[in-house]
Amino acid sequence: MIVKEDFLNKLRQLFNLNLYEVKIWTALLSRGISTAGELSEIGDVPRSRAYDVLESLEKKGFIVMKLGKPINYIAVEPQEVLERAKKLVNKTAKVQVKKLDGLRGSELLKELDVLHKQGIEFIEPSDLSGALRGRHNIYTHMETIVKGAKKSVSIMTSSKGLVRKVESMKGVLQSLAKKGVEIKIAAPIDKDCSEVAKDLMSFSKVRHVDKINARFCVVDNKEIMFMVTDDKEVHPSYDIGIWVNTPFFANALGNMFEISWKSMKDANTKLKNL
């Protein structure tokens, strides 16, 4: 049986299988029913490993063992395997989340906090910076620094960026607003983001910007996250963000944002003209 390597790799990633498992599984799918010896030969898997691999696939719900001599194995329909795999992932995730939630207030987490605080003491201010590749990583880290805001969050972004920020950080921004944190957001307001802008205006200040093309976030005039590329010209996987913890630069950028803010149109005015 000849199966393309790319196909096997995709299956491994999607179903969280090792190489032997995916080889045996696809071999069985091609036969419908077969013995361990036959599958070992077809899938090019050592016979000494075939039984272990089949047992693993059976536990995961990919195959069914047919009683008799010799023992045969039956392939489960792929659509059913997909549903079983989803249930297994959900079950595993819930167990892992429960374990992680159990760490709150534990001695283990306290020890980790102590290690982190000790490490921070030896870090130069210039070292509190980093580059993040990929939009998912960028937004995850941005959410982390925004969560720690005590006074203000200033955001300048694109029209599409405004939509993305609502999808990923609306809950965090709302929570901060309730605590009295001032949230200011500047973006080009157009038809694509009009509904999002209206939603944001219920708990933050939003203004229209049309002369500045920039993407950044300033938190408490202490930390900055800024993107180095135009989101219209880069694939999300290759988007790059720079995070810097520097009150000197953050304060300067925050002040420039405030100067520009004064000349921007209120989002309501722009929305009326759309």
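The values are calculated or read from the model by the stated rules, or taken from the named source; none is laboratory data. The structure presented is a predicted model; accordingly, all values stated were derived computationally and were not measured. No Cβ is skipped: glycine too gets one built from the backbone with ideal geometry, and neighbour counts run over all protein chains shown.
For the stretch 200-222, name all the residues that are more than 15 Å from Thr269 (Cα to Cα), part of a loop (DSSP other than H, G, I, E, B) and not β-branched (Val, Ile, Thr).
Selection gives Ser202, Phe203, Ser204, Lys211, Asn213, Ala214, Arg215, Asp220, Asn221, Lys222.
From Phe248, Phe257, which residue is modelled with pLDDT under 90, under 22 Å from His141 (Cβ atoms) and either not in a loop (DSSP other than H, G, I, E, B) or not assigned by TED's automatic domain parsing to the domain that holds Thr140 (or both)?
After ruling out the rest, the residue left standing is Phe248.
Considering every residue within the stretch 167-181, establish whether at least one is assigned by TED's automatic domain parsing to the domain that holds Lys147, small (Gly, Ala, Ser) and touching a helix residue (DSSP H, G or I) at 6+ places or on another chain (Cβ under 9 Å).
Yes; the residues of the stretch 167-181 include at least one that is assigned by TED's automatic domain parsing to the domain that holds Lys147, small (Gly, Ala, Ser) and touching a helix residue (DSSP H, G or I) at 6+ places or on another chain (Cβ under 9 Å).
Would it be correct to say that Ser194 is hydroxyl-bearing (Ser, Thr, Tyr) and either under 19 Å from His141 (Cα atoms) or buried (at least 18 other Cβ atoms within 10 Å of the Cβ) (or both)?
no
From Val64, Val97, Val89, grab the single residue that is of a type in the set (A, V, I, L, M, F, W, C), within 30 Å of Thr35 (Cα to Cα) and under 27 Å from the mean Cα position of the chain (by Cα).
Of the residues listed, the single one that is of a type in the set (A, V, I, L, M, F, W, C), within 30 Å of Thr35 (Cα to Cα) and under 27 Å from the mean Cα position of the chain (by Cα) is Val89.
Of the residues that sit in the stretch 208-231 and are among the β-branched types (Val, Ile, Thr), out of contact with any Gly (no Cβ under 8 Å at 6 or more places or on another chain) and over 12 Å from Ile185 (Cα atoms), which one is modelled with the highest pLDDT?
The selected residue is Ile224.
Tell me which residues, restricted to the stretch 190-218, are touching a Lys or Arg at 6+ places or on another chain (Cβ under 9 Å) and among the β-branched types (Val, Ile, Thr).
Val196, Val206, Val209, listed by residue number.
Checking Thr92 against (1) in a helix (DSSP H, G or I); (2) surrounded by 12 or more Cβ atoms within 10 Å (Cβ to Cβ); (3) among the polar types (S, T, N, Q), only one condition comes out false. Which one?
Among (1) in a helix (DSSP H, G or I); (2) surrounded by 12 or more Cβ atoms within 10 Å (Cβ to Cβ); (3) among the polar types (S, T, N, Q), Thr92 violates only (2).
Among the residues of the stretch 185-226 satisfying the criterion of being without any contact (Cβ under 8 Å) to a residue 40 or more places away in the chain and of a type in the set (Lys, Arg), which is farthest from Leu274 (Cα to Cα)?
Lys222
Conditions tested, residue by residue: (1) over 17 Å from the mean Cα position of the chain (by Cα); (2) loosely packed, with under 15 Cβ neighbours inside 10 Å; (3) under 18 Å from Val209 (Cβ atoms).
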position: His136; (1), (2), (3): no, yes, no
position: Tyr139; (1), (2), (3): no, no, no
position: Glu143; (1), (2), (3): no, no, no
position: Val146; (1), (2), (3): no, no, no
position: Lys151; (1), (2), (3): yes, yes, no
position: Met156; (1), (2), (3): yes, no, yes
position: Val166; (1), (2), (3): no, no, yes
position: Gly171; (1), (2), (3): no, yes, no
